[in-house]
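Written below as structure tokens is the structure these notes are about.
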Amino acid sequence: MRGLLLLLLSLFALPAIAQTAPPAPATVRVAVETTVGRFVLELETAKAPITARNFLRYVDAKRLDGIVFYRTVKVADHFGFVQFGVQNAPARLFPPIKHEPTSQTGVKHVDGAISVPRLAPGTGRGEFTISVGDQPSFDADPARPGDNLGYAAFGRVVEGMDVVLKIFDARTSLTKTLQGSFKGEVPEAPVKVLTARRL
């Protein structure tokens with residue numbers, strides 16, 4: 001009888017143990033190895049869960065391995081962004097995600113921020129930008145015309161920003177385009193992502 005009572009008590013205790021399980025981490029780190037070095041991203045999985053999870057989908061499925069940094073927008077010295085991603089390759093694409101504006105997440109486009117570019121809200125997929133210098137114009141701003149929701153920042157570079165700057169400062173072509181777009185912004189020798197893995 002006593003053994004049965006102990007068994008029943010232990011079964012009732014299980015839900016309580018489950019409720020006190022440690023919370024999911026607020027951030028997740030990802031190491032990106034490139035042909036010019038390594039940088040580490042810290043993703044805001046608590047503040048921007050949809051957008052961070054989207055990036056982690058690409059990481060965990062190894063769909064970023066072998067892709068390149070295909071665009072550099074250099075407005076001034078240490079001011080602009082670099083862009084990388086799957087370039088809409090059907091075999092690498094996951095479905096688009098709901099847009100998480102910076103006004104909702106609080107994750108801003110500061111120096112080193114990683115973000116999802118998009119056309120209309122809800123079209124972001126497997127393309128990513130890293131800001132060089134603070135880019136408040138990418139943040140949501142209700143005072144602006146249009147959809148004014150900005151882009152979806154979801155983390156930032158916490159190690160290896162010098163590697164991102166190597167990519168940013170590499171020579172771009174004056175004539176190359178990507179399907180007729182980005183003239184003057186396409187690198188002469190695009191830097192390749194070798195691997196992207198959770199730490």
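The values are calculated or read from the model by the stated rules, or taken from the named source; none is laboratory data. Predicted model only: the values in this text are computed from it and were never measured. Please note: Cβ atoms are built from the backbone with ideal geometry, for glycine as well, and neighbour counts cover all protein chains shown. Only protein heavy atoms, including side chains, enter the accessible area calculation; ligands, DNA and RNA are left aside. Shrake-Rupley method; radii C 1.70, N 1.55, O 1.52, S 1.80 Å.
Pick out the one residue from L149, L119, L93 that is open to solvent by 40 Å² or more (accessible area, probe 1.4 Å) and at pLDDT 95 or above.
Testing whether each residue is open to solvent by 40 Å² or more (accessible area, probe 1.4 Å) and at pLDDT 95 or above leaves just L149.
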Output for segment 119-157, where each listed residue is touching a strand residue (DSSP E or B) at 6+ places or on another chain (Cβ under 7 Å) and of a type in the set (K, R): R156
Among the numbered conditions (1) open to solvent by 40 Å² or more (accessible area, probe 1.4 Å); (2) under 23 Å from D77 (Cβ atoms); (3) out of contact with any Asp or Glu (no Cβ under 6 Å at 6 or more places or on another chain), tell me where G160 comes up short. (1)
Which strands (runs of 3 or more DSSP E) does segment 17-80 wholly contain that include 2 or more residues that are open to solvent by 50 Å² or more (accessible area, probe 1.4 Å)? 28-34, 68-76
Taking segment 81-90 and keeping residues surrounded by 13 or more Cβ atoms within 10 Å (Cβ to Cβ) and in a loop (DSSP other than H, G, I, E, B) leaves V86, Q87
Filter result for V193 (in contact with a Ser or Thr (Cβ under 6 Å, 6 or more places away or on another chain), of a type outside the set (K, R) and open to solvent by less than 50 Å² (accessible area, probe 1.4 Å)): yes
